[in-house]
1. Which residues, counting only those in segment 111-128, are small (Gly, Ala, Ser) and farther than 12 Å from Asn141 by Cβ?
2. Could you please give the count of residues in segment 69-83 that are within 19 Å of Gln121 (Cβ to Cβ) and outside any strand (DSSP E or B)?
3. Only residues in segment 59-78 that are over 17 Å from Phe97 (Cα atoms) count as the first member; pair them with residues that are of a type in the set (Gly, Ala, Ser) and at pLDDT 85 or above, Cβ under 9 angstrom, at least 6 apart or cross-chain, and list the lot.
4. Among (1) open to solvent by less than 90 Å² (accessible area, probe 1.4 Å); (2) at pLDDT 80 or above; (3) outside any strand (DSSP E or B), where does Phe66 come up short?
5. One residue is enough: does segment 140-153 have a residue meeting the conditions among the aliphatic types (A, V, I, L, M) and over 23 Å from Asp114 (Cβ atoms)?
6. Could you check how many residues of segment 80-91 are under 20 Å from Phe70 (Cβ atoms) and either exposed (fewer than 10 other Cβ atoms within 10 Å of the Cβ) or hydroxyl-bearing (Ser, Thr, Tyr) (or both)?
7. Going by what's in this entry, would Thr19 be described as in a loop (DSSP other than H, G, I, E, B), in contact with a Lys or Arg (Cβ under 7 Å, 6 or more places away or on another chain) and either exposed (fewer than 10 other Cβ atoms within 10 Å of the Cβ) or at pLDDT 75 or above (or both)?
Amino acid sequence: MGLGKTYSTKYLVDSNNNTGAVGEVLVSTATGINWANGSDIVGGPYLPLAGGTMTGTAGVIFPDSFKANFGAGSDLQIFHNGSGSYIETSNTSVGDFYITARGSNHDLYLEAADDIYIRPQGNENGIKVLGNAEVSLYYDNVVKFETTSAGATVSGALAVDGKITNLTAGTG
């Protein structure tokens with residue numbers, strides 16, 4: 001549509017294929033695109049273009065594989081693909097990724113139905129937390145520390161700066 005042009009409402013239809021009436025405008029609602037009287041619009045179930053606060057209890061529902069993108073180049077993406085949930089930064093993004101709980105008495109929980117993986121770059125392992133099983137710490141994609149049902153296993157040299165106590169004879 002061009003500026004300064006006058007169009008009949010027959011060219012504009014809502015989600016139900018209705019053409020609306022004189023004085024009505026199309027608005028985005030929770031059920032689709034609908035006609036509304038221009039003088040009656042003061043807010044709705046949408047976030048105003050100038051910012052604002054979303055209210056209600058239904059939250060925002062995205063279908064599987066729909067990505068919420070943040071940053072000018074979609075540098076941060078949050079999505080669920082039907083089998084796993086992801087928070088990703090793009091391959092071209094610059095900088096580090098922080099997860100922070102600010103202020104006093106603010107705990108931060110990462111909870112999953114199954115396992116949690118923290119990958120510092122690409123598909124390289126960094127920390128692997130397997131539900132009801134081990135926790136593994138990696139250096140350059142090689143496991144160096146791993147909890148076991150009997151305790152823990154260290155792969156490679158262990159440098160200790162300080163006193164070691166409670167060693168059982170014949171095991172150290």
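The values are calculated or read from the model by the stated rules, or taken from the named source; none is laboratory data. Predicted, not measured: the structure shown is a model, and the values here were computed from it. Neighbour counts are summed over all protein chains in view; Cβ atoms, including those assigned to glycine, are modelled from backbone coordinates with ideal geometry. To get the accessible areas, we keep the full protein, side chains included, count just its heavy atoms, and leave off ligands, DNA and RNA. Shrake-Rupley method; radii C 1.70, N 1.55, O 1.52, S 1.80 Å.
1. Within segment 111-128, Ala112, Ala113 qualify.
2. Result for segment 69-83: 4.
3. As it stands, the answer is Val60/Ala68; Phe62/Ala68; Asp64/Gly82; Asp64/Ser83; Ser65/Gly82, since those pairs meet every condition given.
4. Just one mismatch for Phe66, condition (1).
5. Within segment 140-153 (the criterion being among the aliphatic types (A, V, I, L, M) and over 23 Å from Asp114 (Cβ atoms)), the answer is yes, since at least one residue qualifies.
6. Of the residues in that region, 5 qualify.
7. yes
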